[in-house]
Amino acid sequence: MKKILLSLLIIGLFGCSQSGSNLSSVTVYSGGTIYTGQGEQRVEAIAVRDGVIVASGSLASVLNQSGESPQQVDLAGQVMLPGLIESHGHLSSFGHSQQILSLSDVDSYQALVEKVADAVSGAEAGQWVVGRGWHQSKWHSLGDNVVKGFQTHHALSAVSPNNPVVLAHASGHAVFANQAAMALAGVGQGAAFGGDGEIILDEQGWPTGIFNENAAELISALVPADSLDDRIKQIRLATQAALAKGITSFHDAGSDPLDMQALETMAENGSLGIRVYSMLSTAHPELIDKWFAKGPLVDAHNGMLSVRSVKIHADGALGSRGAWLLQQYSDRHGHFGMPTYPMEGVEEMALRGLQAGFQVNVHAIGDRTNREVMDRMAAALEQLPNPDHRFRIEHAQHLTDEDIPRFAKLGVIASMQAIHMSSDRPWAIDRLGIERIEEGAYVWQKLLQSGAVVVNGTDVPIEPIDPFACFYASVTRKTLAGQPEGGYEAGQRMTRAQALISYTRDAAFAAFQERTLGTLEAGKWADMVVLDRDIMQVDEEAILDTKVVATILAGKTVYGLL
């Protein structure tokens, strides 16, 4: 680590102090609006050499530092930002979602059944039909039979008698299976699962086809596994889509062993096209043991791959009623959701992470999970104090007033996804009721005002990988249809400066990369995005129409043209 920081210091000093012919290969960008990533701060020009920013400031000063005859790029009035950082997504899952049946556009159970029927018509007998993206709370009709707020499998099974079908919920926290898939899994009348999952049964004890949280693995584990080549292809598909949206860095929230094999292979042979900050999934203990034994990998392969964090999956999602709550769900009496990881294990993993030099990040959506997780993090820090641990809670969607100040007090980063508020808020009130919604749902401003660091992202493929839709949700608290007027709980909106920082400067900080990424300053990688409009100034509805003109990674244009 000392060698890395020394190298960065040398780069920064070189960029700030050298002039003349030694910098003749510098490229200078000017002629547009350039935001540095520090809120509303702007500069006239930046200069880049060998993939690194060497000067930033007024055009005159930048040209003065750039030597004779630098290459000059005219932004032609367009807008430049630091490369955007997706602080929470699922890289290979995103690529995989582009290879399977997409259900994100279905608006009823019947529409889902029809889409599966079309897929079955083109499949061989016995071939798995795999899909993702349905969300029953967004449908106008659940069908004739509804059990515990979900549809049942009968109409689905009728159109797919010879093909096992598994359809992942949009949240990724539940699956919907047909009779053929359940037969392969040996799931029949009276089936049950432990406290970290649920098989939803009808009144006669027959499975309805809904498998919630860890119970989903009963079905998902039967789907043929990916090969290394499959996984590499998925990462490439995801990378192409991310770069097209101006994203140059991706925090992969839950990398499994095959992900890591693919990422390391691609980084080593130079084909990894996006910077990846990997969170190792604690669902794979052997992977955690391996990395804790050998230690973190920091900004390897020209800063393309970092492995210095783990991710615990501690509860479910609100949409599937798996998020663990302090009080029962408003729309399911007696149900509180569930933990999906033992809470004593959170403290144990936090201690191991502190000892091994790894950041510990925990998926926590429900207010009870957030409280329990912070209790365990606090206990670990009492035993092994570390002022720069940068523990993260992923999502932190539903909190109590009592727990909100604890993020800043404990130094825990709130890794949130503003687009979830836009997508979920219209139906989330049914799950939580108005009091819990107003007190602690998606409370970005409460967290920021208390001193917490809040970072942003889309949770792709749960939501589309669109940072501008997420930015819009951050600053308006509206759905993407522009509703309601004034936004939901408008006092919790971010300012545009806060929203930009959550996607740039603070997102880099959340990955220990603030010395190399996140702002357009000398000594940092020249990761940049050029937009067709100024999202910091245009009317809010125009934000949604933002187009990426070019994405630049380490000084090279990897998407679009300038």
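Readers should treat all values here as calculations from the given coordinates under stated rules, not as data from a laboratory. Here the structure is a predicted model, which means the values were calculated and not measured. Note that each Cβ is placed from the backbone with ideal geometry, even for glycine, and that neighbours are counted across all protein chains shown.
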For the pair TRP427/VAL298, report the inter-label distance in nm, with labels modelled 7 Å from Cα in the Cβ direction. 4.4
Given VAL165, GLN136, VAL120, which one lies farthest toward the positive end of the charge dipole of the stretch 97-220, if we put +1 on the Cβ of every Lys and Arg and -1 on the Cβ of every Asp and Glu? VAL120
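Note down the relative contact order for the chain as a percent, whole number, built from C-alpha pairs under 8 angstrom at least six residues apart.
Working: 1284 pairs, mean separation 96.0, N = 562.
Relative contact order here is 17 percent.
When the helices in the chain are scored as -39500 (n - 2.57) per DSSP H run of 4 or longer and the sum is shared across all residues, what 222 nm value do you end up with, to the nearest 500 deg cm²/dmol?
Numbers: 19 runs with 189 residues, N = 562.
Value at 222 nm, helices only: -10000 deg cm²/dmol.
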If each part is reduced to its alpha-carbon centroid, the stretch 369-397 and the stretch 21-60 end up apart, in Å, by 38
Of all the C-alpha pairs in the stretch 38-134, what % are more than 23 Å from each other? 57
Round to a whole angstrom and tell me the spacing of the C-alpha centers of the stretch 147-197 and the stretch 98-140. 13
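Using a cut-off of 10 Å between beta-carbons, work out the net charge of the residues near ALA253 (Lys and Arg +1, Asp and Glu -1, ALA253 not included).
Details: positive: LYS311, ARG392; negative: GLU86, ASP252, GLU394, ASP459.
Overall, the nearby charge balance is -2.
Once you charge only the Cβ atoms, +1 for Lys and Arg and -1 for Asp and Glu, what is the size of the charge dipole of the chain about its Cα centre, to the nearest 20 debye? Each step should come with its number before you reach the end.
Numbers: 41 positive and 63 negative charges, 250 e Å.
The calculation lands at about 1200 debye.
For TYR277, TYR341, what ranking results if the residue with the fewest other Cβ atoms within 10 Å of its Cβ goes first?
On the way: TYR277 27, TYR341 21.
The fewest-first ordering by Cβ neighbours comes to TYR341, TYR277.
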Mind computing the radius of gyration and Dmax over the alpha-carbon atoms of the chain? Å is fine for both. 23.9, 83
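With +1 on the Cβ of every Lys and Arg and -1 on the Cβ of every Asp and Glu, and nothing else charged, how large is the dipole of the stretch 97-220 about its Cα centre, in debye rounded to the nearest 20? The partial results should precede the final answer.
Numbers: 4 positive and 12 negative charges, 22 e Å.
Using only the charged Cβ atoms, the result is roughly 100 debye.
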For q = 0.13, 0.14, 0.19, 0.23 Å⁻¹, Debye-computed log10 I/I(0) when each Cα of the stretch 485-534 counts as one equal scatterer: -0.42, -0.48, -0.73, -0.89
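In units of 2.2 N^0.38 Å, what is the alpha-carbon radius of gyration of the stretch 357-428?
Numbers: Rg = 12.8 Å, N = 72, 2.2 N^0.38 = 11.2 Å.
That ratio works out to 1.15.
Give me the orientation-averaged projected area of the Cα convex hull of the stretch 68-223, in nm², one decimal. Write out the running numbers ahead of the final one.
Values: hull surface 57.7 nm².
If I average the Cα hull's projected area over directions, I get 14.4 nm².
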Would you pull out the residues with amide H under 5 Å of VAL549's amide H, same chain only if 5 or more places away, H placed 1.01 Å from N? VAL530, LEU531, ASP532
Quick check for me: using +1 on Lys/Arg Cβ and -1 on Asp/Glu Cβ, what's the dipole size of the stretch 408-487 about its Cα centre, in debye to the nearest 20? 220
When the Debye formula is applied to the Cα atoms of the stretch 424-562, each taken as the same point scatterer, what base-10 log of I(q)/I(0) results at q = 0.10, 0.12, 0.20 Å⁻¹? -0.39, -0.55, -1.36
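In the chain, once you exclude exposed GluC sites (Glu not before Pro) (DSSP loop, at most 13 other Cβ within 10 angstrom), what's the longest stretch remaining?
Excluding the exposed sites themselves, the longest stretch runs over 204-401.
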I need to check one value: relative contact order of the stretch 97-220, counting alpha carbon pairs closer than 8 Å and at least 6 residues apart, in percent. 22
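Got a sec? How would ASP466, ASP367, ASP539, ASP107 order by Cβ neighbour count within 10 Å, fewest to most?
Values: ASP466 20, ASP367 25, ASP539 7, ASP107 12.
Sorted ascending by nearby Cβ count, the order is ASP539, ASP107, ASP466, ASP367.
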Name the residue farthest towards the positive end of the dipole of the chain from the options VAL175, SER422, VAL412, assuming +1 on Cβ of Lys and Arg, -1 on Cβ of Asp and Glu, about the Cα centre. VAL412
Between the stretch 473-515 and the stretch 288-320, the alpha-carbon center distance in angstrom: 25
